[in-house]
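Each remark here refers to the structure printed beneath this line.
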Amino acid sequence: MCAALTAPLALTAPLALTAPAAAATAPYTVTPLTFTVRAGDRTCTVDADLYRPTGVDDAHPAPAVLATNGFGGSKSDGSTDAIGKAFAQRGYVSLVYSGLGFGRSGCLISLDDPAVDGAAASQLIDFLGGERAADDGTTAGFVTQDGPGDPRVGMIGGSYGGAIQLATAAVDHRVDALVPMITWHDLAYSLDPNNAVGARDVPGAFKWQWTNGFYLIGQSQPLTQPGLDPSRINSLDCLHFVTPACRTVRTLNSGRYPADRTAELLAYARQISPVSYLGRVRTPTLLVQGQADTLFNLNEATATYRALRAEGTTAKMIWQAWGHSGGQTTGELDLAQGNLETSYVGRRVLAWFDRYLRGRTQVDTGPAFAYHRDWITDPGRAYATADRLPALDRRLFLSGDGRLVDSRREVTRGSRTYTDALVPTSHSESSFAGFLGLPDPAPYDREGTHLAWTSAPLERPLDVVGAPRVTLKVVSPQAERTQHSGDAADKLVLFAKLYDVAPDGTQTLARRLVAPVRVPDVTKSFTVTLPGIVHRYEKGHRLRFVIAASDDAYFGNRGIKPVTVVSAPEDTGELRLPVAGG
């Protein structure tokens with residue numbers, strides 16, 4: 001949910017949209033505005049800035065770009081006002097605003113709820129369409145109109161400023177183009193992921209570091225914004241969020257999942273997430289997701305992309321290098337450098353707006369799918385393109401002796417066991433370390449608390465592009481005894497991941513990504529979708545698939561639950577890889 005805070009916390013989002021240095025004479029004017037809006041059951045003020053390009057007037061209108069901040073930011077932070085400046089410099093009327101509950105805007109933080117945040121944004125579109133004035137009487141008669149009250153308007157922004165676009169388009173079909181960046185599909189998955197396929201109603205493993213970090217940012221608003229609008233205060237036990245959001249976080253922190261609270265948690269998280277309303281989005285959407293992102297991984301954008309296309313909505317997708325966990329590389333989109341025209345993603349964004357906002361139908365908006373390759377050092381060649389995501393066409397099998405082999409015939413019969421401890425014994429990341437640019441220990445797994453299967457050295461490079469899948473069958477008598485207790489917290493939790501092992505034995509966990517799994521039923525086989533990656537396993541390197549008992553970035557098992565994996569040629573685990581060019 002991408003924070004961009006002012007002092008005293010001084011956190012900066014990795015959105016890398018820092019404002020460029022002001023020119024001596026800017027090619028636009030900036031007018032601060034306020035709007036009184038009805039947001040859900042509350043009335044509050046929205047604080048905004050209107051960027052009007054020089055030469056744009058009633059006789060010479062221009063299309064508009066609407067944008068808001070990442071979580072914890074405001075219209076004035078570097079990542080938000082940079083959007084206003086960048087697009088005003090390129091001839092677009094830009095309206096940037098502080099999202100509800102942030103900056104000087106009122107109302108509670110409601111997590112980009114379409115009925116609240118989306119409704120507020122729709123009223124700003126009314127302003128751009130000439131259907132209302134700002135509170136001081138300012139009107140916007142200089143925005144291109146597609147019809148009475150229907151402005152030509154696109155939206156762009158990252159993280160919290162990304163989901164708001166889908167929420168707005170779901171309630172207001174006047175939006176003409178969307179560019180959501182590094183945002184979520186389903187907050188239930190984002191904050192409490194369960195990567196077991198088909199386990200939609202089984203809670204996952206609580207992502208406690210990310211979730212509590214953002215919860216603290218929201219609840220600490222009096223420290224960062226003295227003299228808050230009264231509409232931003234809820235109650236003593238839930239200061240600045242809507243009440244269901246606070247209840248959700250409390251349930252997650254409790255470490256317990258009784259049926260009634262689990263149903264409430266999942267229902268609320270999905271109700272306010274794109275997963276529940278993408279069927280109402282008809283706006284052409286260019287999804288940009290970050291590979292270096294343990295908060296909102298590539299699987300989230302992929303789910304949104306597929307859902308939009310299934311509904312017949314125009315959608316394309318780019319997997320850039322950077323996300324909430326860092327990963328900024330030379331040549332990537334960075335408005336601080338003013339490099340829209342010289343970065344691959346920037347050019348795609350400009351083409352998207354040219355096509356859908358300026359109506360230049362001859363503009364090529366690019367391929368359906370593009371992805372950054374960090375093993376290509378030339379920024380001009382770093383992106384590969386395709387008309388679809390790679391298929392899961394490479395199979396490897398889990399042998400009883402710890403090998404990862406190419407065929408079932410090579411599988412050795414055998415069984416191996418790990419057990420967990422009372423404290424986490426595996427480490428993938430310290431969630432805010434990459435976010436803040438701080439050092440973080442390399443991923444590790446303590447002996448006896450994980451199982452690993454390692455392939456032979458590769459005879460040629462292997463490019464994995466997408467989300468691997470693995471089918472597993474485990475034996476855990478302790479979990480079998482407790483999994484029907486009525487509290488889903490008693491089900492078995494494990495963490496699946498895929499390492500790259502160099503010839504010298506050094507192992508790398510691509511982007512520090514893991515797949516938490518709460519096993520629906522340990523008496524049955526289950527399939528796990530790993531987080532999507534773009535990674536080259538070089539010639540001579542080996543793949544190592546691991547399941548671990550714990551991970552210190554997540555809540556894990558309640559109680560000790562030893563796990564055994566049995567392998568035989570006719571019945572063993574299978575790892576499937578999406579291979580580019582395979």
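Read-outs throughout are calculated quantities, based only on the coordinates presented, and are distinct from any laboratory measurement. Computed from a predicted structure; not experimentally measured. Here the Cβ positions follow ideal geometry from the backbone for every residue, glycine too, while neighbour counts run over all protein chains shown.
Tabulated values for the structure
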read-out	value
Within the chain, helix-based [θ] at 222 nm, where runs of 4 or more DSSP H residues each add -39,500 (n - 2.57), nearest 500	-6000 deg cm²/dmol
Counting all C-alpha pairs of the chain, share separated by more than 46 Å (%)	15
Leading residue at positive end of dipole, the chain (Cβ point charges), from 187, 60, 427	427
Residue order, fewest to most surrounding Cβ atoms within 10 angstrom, among 330, 417	330, 417
Karplus 3J(HN,Hα) series, Hz, for the stretch 516-530 with 6.51 cos²θ - 1.76 cosθ + 1.60 (x for Gly, Pro)	x, 9, 9, 5, x, 7, 6, 7, 10, 5, 9, 10, 10, 9, 6
Positive-end extreme of charge dipole, the stretch 114-239 - chosen from 129, 139, 218 (charges on Cβ)	218
Mean separation of Cα contacts under 8 Å (6+ apart) over length of the stretch 335-403, as relative contact order %	20
Tail weight of P(r) past 16 Å, computed on alpha-carbon pairs of the stretch 410-484, percent	74
In Hz, Karplus ³J(HN,Hα) per residue of the stretch 392-405 (6.51, -1.76, 1.60; θ = phi - 60°; x = Gly, Pro)	7, 10, 10, 10, 10, 10, 8, 8, x, 9, x, 8, 10, 10
log10 of Debye I(q)/I(0), alpha-carbon scatterers only, for the stretch 190-270 at 0.11, 0.14, 0.22, 0.24 Å⁻¹	-0.34, -0.52, -1.04, -1.17
Share of Cα-Cα pairs in the stretch 79-175 lying beyond 16 Å, as whole percent	57
Among 53-62, 77-86, the order from most to least packed when residues are scored by Cβ within 10 Å on average	77-86, 53-62
DSSP loop GluC sites (Glu not before Pro) with at most 10 other Cβ within 10 Å excluded, longest remaining stretch of the chain	1-340
Cα gyration tensor, the stretch 439-582 - rounded (a/c under 1.5), prolate or oblate	prolate
Size of electric dipole in the chain: Cβ of Lys, Arg +1 and of Asp, Glu -1, about Cα centre, debye, nearest 20	1220
Rounded to 5, percent antiparallel among DSSP beta bridges of the chain	70
Length-normalised contact order of the stretch 392-578 in % [C-alpha pairs under 8 Å, at least 6 apart]	39
Pairs beyond 30 Å (Cα-Cα), from 85/207; 85/316; 316/491	85/207; 316/491
Residue order, fewest to most surrounding Cβ atoms within 10 angstrom, among 155, 317	317, 155
Ranked 497, 316, 207, criterion: other C-beta atoms within 10 Å, fewest first	316, 207, 497
Charge dipole magnitude, Cβ of K and R +1, D and E -1 - the stretch 369-522, Cα centre, debye nearest 20	440
Size of charge dipole - the stretch 190-270 - debye, nearest 20, with Cβ of Lys, Arg +1 and Asp, Glu -1, no other charges	120
Contact order normalised by residue count of the chain, Cα under 8 Å, 6+ apart, percent	14
DSSP-defined beta bridges in the stretch 368-505 - what % are antiparallel, rounded to 5	80
